[in-house]
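J.: My structure is below; once you've seen it, I'll send some questions.
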Amino acid sequence: MSFLAPGRGRLLRVLPTRRHRLPPPQGSGGYAACFRRCKAHFLLDGVEDAVEGAAEPQQPPVSLAKSLASLTEESVVAAQRQRKPLPRMERKRLAELRIKKRVKAQYLNGKFHDLMANVVASTDTLEDAYDIVRLNSNIDMSSVRDDVCFATLAELLRTGEFDVRANVYAVVAKRREGGRLVLPRLNLRIIQEAVRVVLEVVYRPHFSKISHGCRSGRGHQSALRFISNEIGIPDWCFTIPMHKEVDRNVLSKIICLIQEKIDDNQLVTFMQHMFDAEVINLVFGGFPKGHGLPQEGVLAPILMNIYLDSFDHEVFRICMRHEGLGSEAADVSDNQESNLRHWFRSQISGLKDREENSDNQTDYPLKTKLYACRYMDEIFVAVVGSRDIAEDIKSEMITYLRKTLFLEVDDRLYLMPVRSNSRGLQFAGSMIRVTTKESAALKAVHKLKEKVHLFASQKQEIWDAMNLRLGKKWLAYGLRRVKESEIKSLGLSTPLLDHIAQFRKDGMKTDHWFKTLLKVWMQDINAKREADESILLSKYIAEPSLPQDLKDAFNNFQKQAKDYISSETAATEALLSSLKNKESAITCTDGAVIKIHAPISYIHKCLNRYGLINLEGFPKHVSALVLQDDELIISWFAGIIQRWMRWFSEVDNFKELKLMLVECVRKSCIRTLSAKYRMYEKITEKRFELDDYGIPMAEDFEAIMAPLESSSSVCTDEALMYGISSSGLFVLTLSRVRVPSRQFDCFVMGCQSASLSMYVLHVKERQRFPGFRTGFSSSIHGSLDGRRVGLCTQHVKDLYLGHISLQSVDFGVLINDSNKIP
């Protein structure tokens, strides 16, 4: 169809689209009427288009640059829609960066000024600190927030009217020896977080290299890597155990150190108020740091690093004195010094510069070397040199700690010779030992002996199993003969059975009578001397009935295998002697390495003390967890494995630790669930997929644990995860106590979820100086034993898994604004 386009003076040929096509008319008119209606319709559309074109101004053509820019904006918007939410530790990092910008704005003439009034007492800073508290508590940031007026709180801080004592809560132990613990409430906790970030921004860039605690890129693992990879093989090493609670002298020293870089009297006054309220909670020694214990204050890590940073610099001065003035060594092959250091030593000692007579730097070796490593309040020192030099270094360090820093050092401190001591030295929860590398030939000899030992033990197990089977058959045969003798019609009775039957009481059943006969026989052979029934049946029943030639052949085989394992043949002795002659020409350090070992024996004792294994070392169920939900029970055991994985991930005996995790923790979890439902362990293992919860079997350990450790939810920055990643509730269980008449929220700071139940804390090991740091806290304060807290289900699970620590729990929450939780 052709129509005249209005306003354009030309004829257009228009084909009606599907929506313009009309069905053939029914009745009068036919297609002629349909044609007239279509023509009118298209004419009307053309008129409307012409009117709209005249009313709107003509748009200029869009350039290529604008088109490409619009495409970029659309892609950015689409990427923002698809972007995943940031993990909580990344959000915490962003909040600290915002506070960091405000702190740096106060830097002038080498000092930071008025940080309390302009940074801490700021509404934005307090809101960021509150977000950090909520992120530490693992709370969804989109959830309901606490009713905290940040403007009022900031005004109180600026005017100095904030009452510290009114924002603390004292937890008093039920026993006299339990002590007293003062903890901050939510408002004070927010201020402490803000002060912590401010102090870290000011001081963290100035900390020395030997400090490894609570710093980005440094932590427990970096300290152990430094000892194993950087030190080499020293002659002497020692640790410095210290213990001291913060007092007036320590506080005055801390304030003097703070005033060196911060000019703010208001901040100093606030620190003194917190000390007077006993809420700083800074203790040197006494318990392991970094586990999120309530008795470790929020400000404790940064204040401890500030206080001990002067000791770190004193270590450098001691190092320069002894290495710069050290005597020359006789063996030049051990030299690792630089020309600059040799020149410095020559200048101090007044020696002539002999650099012109030396072609390389190995002509003037430096014998004395000092290495130091500090993780919070744990100090490790290694010395290469004579015993007298090591004693001088030790005495200088102890003198500085006692007289300058007012710290108490243990008098039992002693030097440990590295090469002649096989026990090792304890540091940061691990054992540091020096072992000798084995050559390939020596490894082959030991591997052959291990194969012989394994083959002999397998044959011994088969021999014992067959003897036990024969002994059980003998018991069954004896019971059958006693029963047959009672049936007169069979005529199978013997004179011996008839004689024994005279001592049988009337009405005694056959099984009871047979047990009586066994007891008499066991008393006759003195069966109490044997360990178990298998040895009893093998020694007194099965073996006496075996042919003598068979017994002699087996005993001879076991004797030869034992002799081969315990003593070496002439060829092996010749091989070892040749290896020793070769190794004697090499220095001792070439074949020795430092190994970091987890304290397996101590962990076994802890497992027994905490109820996972019995005295014999066999796993058992944990009765304190039986009444809890299945998910919480599994989370408790999964938290143990995950914390151990993080804490001991780089030890050299990790395979042995892995087997212990599978044998003890996994089986104890299965037996706890079996005791709850009273079912067989195989059925329990099939019903609960423990691999999905992070409790794998030995063969699937790496395949299951590697994705969990590499997931985005796991943060390895100890500056952000301090007190969370290694938070330990292994010595703590919760028993649920329902309180239906009271309604209260979760006690975790920042959580507004309802808590349907109250939980009682059971501390299995009280506060004491720890023997080891094993990835879980071994010294929860005694005042928390039996304390009741209200927790939602999610935060109970987070406590068990180690996602939050006890520092996130507000033990001073009021119920109905009248009664405190006892």
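The values are calculated or read from the model by the stated rules, or taken from the named source; none is laboratory data. Keep in mind the model is a prediction, meaning the values are calculated, not measured. Positions of Cβ are backbone-derived with ideal geometry, glycine not excepted, and every protein chain shown enters the neighbour counts. Just so you know, the surface numbers come from the protein's heavy atoms only, side chains and all, with ligands and any DNA or RNA stripped out. Shrake-Rupley method; radii C 1.70, N 1.55, O 1.52, S 1.80 Å.
J.: Compute the length gained on full extension between LEU97 and GLU631: take 0.36 nm times their separation in residues and subtract their Cα-Cα distance, giving the result in nm to one decimal.
T.: 188.6 nm
J.: Say R0 is 35 Å: what FRET efficiency, to the nearest 0.05, do LEU615 and SER566 get from their beta-carbon distance?
T.: 0.70
J.: Something else about it: List the pairs from LYS473/LYS509; LYS473/LYS539; LYS667/LYS797 whose alpha-carbon separation is above 18 Å, in the order I gave them.
T.: LYS473/LYS509; LYS667/LYS797
J.: Stretched out fully, how many nm does the piece from LYS459 to ALA624 gain, at 0.36 nm a residue minus the Cα gap?
T.: Extending this stretch completely gives an extra 55.2 nm.
J.: With labels modelled as points extended 7 Å from the Cα through the Cβ direction, what inter-label distance (nm, one decimal) is found for GLN558 paired with MET697?
T.: Those two pseudo-labels are separated by 3.2 nm.
J.: On to the next question. Given a 1.4 Å probe and heavy atoms of the protein chains only, how would you sort ASP147, ASP312, largest accessible area at the top?
T.: Sorted descending by solvent-accessible area, the residues read ASP147, ASP312.
J.: Starting from the 7 Å offset along Cα-to-Cβ, what nm value, one decimal, do you get for the label separation of HIS499 and ASP388?
T.: 8.7 nm
J.: Could you tally the net charge around LEU370, taking each other residue with its Cβ under 10 Å from the Cβ of LEU370, Lys/Arg +1 and Asp/Glu -1?
T.: +1
J.: With each pseudo-label sitting 7 Å past Cα toward Cβ, what's the GLU543-GLU278 distance in nm, one decimal?
T.: Simple spin-label model gives 6.6 nm for this pair.
J.: While we're on this one: Could you calculate the FRET efficiency of ARG158 with SER216 from 1/(1 + (r/R0)^6), where r is the beta carbon distance between them and R0 is 30 Å, rounded to 0.05?
T.: 0.45
J.: Note the full-extension length gain between ARG225 and GLN259 as 0.36 nm times their separation in residues minus their Cα-Cα distance, in nm to one decimal.
T.: 8.8 nm
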